[in-house]
Amino acid sequence: KWANIGLFLLVSAYPILGAHMEPVYTWDDFWVYTFLILTFGSLINGKLLSASIFLTIGTFAREQTLLFWPIFVLGSIWYCRDCVRWKRAIYLAAPFIIYLPFYYLMWQPFPGRTEYIIYNFANYWRGSDSIFSFLISFGFLWPAAALAAGQLLKMRDKLPHSRFLFWGMLLSILPTLILTFFFTMARETRIFFPPFLFLIPLAIVFIRAADEDYRAKMSTVLKKILLVSLPIMLAIGIMVAPLIFPRFDFRNCPRFHQQALGFHLGLMLTIGVYYLLKAFLPEKKGMVESITGNNSARP
C-alpha cells in the first residue's frame, strides 16, 4: 500500500508530469532517477560493487549525480561493513576515476556559470519564477518531509535506517539548492528533483503518521473538521496561487502552473489544520513511533 503511494507521489510530481514541457523539458533526467534508485537500492542491500557501477553510469546521464557521492560514502559505511578496505576505496573512487577523464575531454567553457544567482533573481519576475520552480518541484512534500525528518532526528539512535534517510535528505537537498540557484537556471525545475530519493520516503513517514492519527486517535468531530477543511483549503490555495504568481518570465501554460501550485498550497494549508487538530488528540506520540514502534528500524 505505502510503496504504491510512494510510487504515485513520484510519477505525479511536477518534474515528471511536466518533463516534456518548457522549461522543464528533459529526456536524460529519467536516466538519473533510474540509476539513483538502483544505486541506493543496491547500497542498502550491502551490494557496494553494484551500487558503484550504477552511480558511475548515472554520472554520464548528468554530472549532478556526483552530488550524491557523499551519501554513497555514508551508506557504504553503514550498510557494507564487511567490504574489505581496499575494495571499498576502489568502489568509492570509481565514479571519479571513470567519469572525470571523460568530463575533461568533453568539457567546454561555459562563460557566466557563476553568475546565475544574479540571473535567477535579476528582476521581480525572474525571482518569482525561481521561487515558483522551487515550490512546485515537490509541493506539499517539502513540509511533509521536513516534519518527518525532525522526528527521525530524534529517533536516530534507535532507527539506523531512518537515520540514513535523514542524512540522505540533508546531504542531497543542500548541495542541490546551491547548485540550482547559484550555477544553473532555477526555472528548470528538474534540477531540484533528484533528492526525491530521500524526500518522498520521508513524506510517506508523515502521511502514515497522519493516517494513523486519523484512524485511531481522532474523534468523529475532529475527523469531520479535517474532511471539511480539505476542500476549503484546496479552494483557497487555488485562488491564492494566481495572486502570488500572476505571470511567469518563461513558462508555458501559466494557468496550469498556477492551479498545480494552488493544489499543493491547499495541501500545505491542510497540513497546518491537521497540526492544529493534533492539539486535541489524547495521546501525543511521535510520528515515527506511531507507525513503527520503538523497535522497528524501517519506516
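The values are calculated or read from the model by the stated rules, or taken from the named source; none is laboratory data. Computed from a predicted structure; not experimentally measured. All Cβ positions, even for glycine, are placed from backbone atoms using ideal geometry, and neighbour counts span all protein chains on display.
Determine whether Trp2 is hydrophobic (A, V, I, L, M, F, W, C), farther than 20 Å from Ile173 by Cβ and either at pLDDT below 90 or within 19 Å of the chain's Cα centre (by Cα) (or both). Break it down into steps so the answer makes sense when it comes.
Working: hydrophobic (A, V, I, L, M, F, W, C): yes; farther than 20 Å from Ile173 by Cβ: yes; either at pLDDT below 90 or within 19 Å of the chain's Cα centre (by Cα) (or both): yes.
It is true that Trp2 is hydrophobic (A, V, I, L, M, F, W, C), farther than 20 Å from Ile173 by Cβ and either at pLDDT below 90 or within 19 Å of the chain's Cα centre (by Cα) (or both).
Does the stretch 2-16 contain at least one residue that is within 27 Å of Phe248 (Cα to Cα) and assigned to a loop (DSSP other than H, G, I, E, B)? Explain how you work it out, then say what you get.
Residues of the stretch 2-16 that are within 27 Å of Phe248 (Cα to Cα), as a first pass: 9-16.
Within this subset, residues satisfying the condition of being assigned to a loop (DSSP other than H, G, I, E, B) are 12-13.
Within the stretch 2-16, one or more residues are within 27 Å of Phe248 (Cα to Cα) and assigned to a loop (DSSP other than H, G, I, E, B).
Can you confirm whether Phe68 is closer than 24 Å to Tyr99 by Cβ, crowded, with 16+ Cβ neighbours inside 10 Å and at pLDDT 90 or above? Steps first, answer last, please.
On the way: closer than 24 Å to Tyr99 by Cβ: yes; crowded, with 16+ Cβ neighbours inside 10 Å: yes; at pLDDT 90 or above: yes.
Yes.
Looking at the stretch 151-162, I want the residues that are surrounded by 16 or more Cβ atoms within 10 Å (Cβ to Cβ) and modelled with pLDDT of 75 or more and have a partner that is assigned to a helix (DSSP H, G or I) and not hydrophobic (A, V, I, L, M, F, W, C) with Cβ atoms under 8 Å, at least 6 apart or on another chain. Which pairs are those?
Note: pairs meeting the criteria are Leu152/Ser162; Leu152/Arg163.
Of everything in the stretch 94-118 that's of a type in the set (A, V, I, L, M, F, W, C) and not in a helix (DSSP H, G or I), which residue is modelled with the lowest pLDDT?
The first filter runs over the stretch 94-118 and keeps only residues of a type in the set (A, V, I, L, M, F, W, C), leaving 94, 96-98, 100, 102, 105-107, 110, 117-118.
Filter again for not in a helix (DSSP H, G or I), leaving 107, 110.
Working: Trp107: 76, Phe110: 68.
Per the stated criteria, the residue is Phe110.
Looking at the stretch 198-248 only, could you name the residues that are touching an Asp or Glu at 6+ places or on another chain (Cβ under 8 Å) and under 17 Å from Ala279 (Cα atoms)?
Selection gives Lys217 alone.
Of the numbered conditions (1) out of contact with any Leu (no Cβ under 9 Å at 6 or more places or on another chain); (2) modelled with pLDDT of 90 or more; (3) within 25 Å of Thr176 (Cβ to Cβ), Asp249 fails exactly one; give the number of that condition.
Condition not satisfied by Asp249: (2).
How many residues, within the stretch 1-41, are closer than 12 Å to Arg190 by Cα and of a type in the set (Val, Ile, Thr)? Steps first, answer last, please.
Taking the stretch 1-41 and keeping what is closer than 12 Å to Arg190 by Cα, we get 13-30, 32-33.
Applying the additional criterion that residues be of a type in the set (Val, Ile, Thr) yields 16, 24, 26, 32.
Residues in the stretch 1-41 being closer than 12 Å to Arg190 by Cα and of a type in the set (Val, Ile, Thr): 4 in total.
Inspect all residues belonging to the stretch 156-172 and state whether any of them is of a type in the set (D, E, K, R), over 22 Å from Arg62 (Cβ atoms) and part of a helix (DSSP H, G or I).
yes
Could you please let me know if Leu222 is surrounded by fewer than 19 Cβ atoms within 10 Å (Cβ to Cβ), more than 30 Å from Phe40 (Cα to Cα), at pLDDT 95 or above and not β-branched (Val, Ile, Thr)? Walk me through how you get there before you give the answer.
Values: surrounded by fewer than 19 Cβ atoms within 10 Å (Cβ to Cβ): yes; more than 30 Å from Phe40 (Cα to Cα): yes; at pLDDT 95 or above: no; not β-branched (Val, Ile, Thr): yes.
No.
Pull up the stretch 17-41, narrow it to residues that are in contact with a helix residue (DSSP H, G or I) (Cβ under 6 Å, 6 or more places away or on another chain), of a type in the set (Val, Ile, Thr) and part of a helix (DSSP H, G or I), then point me to the one that is surrounded by the most Cβ atoms within 10 Å (Cβ to Cβ).
My answer is Thr39.
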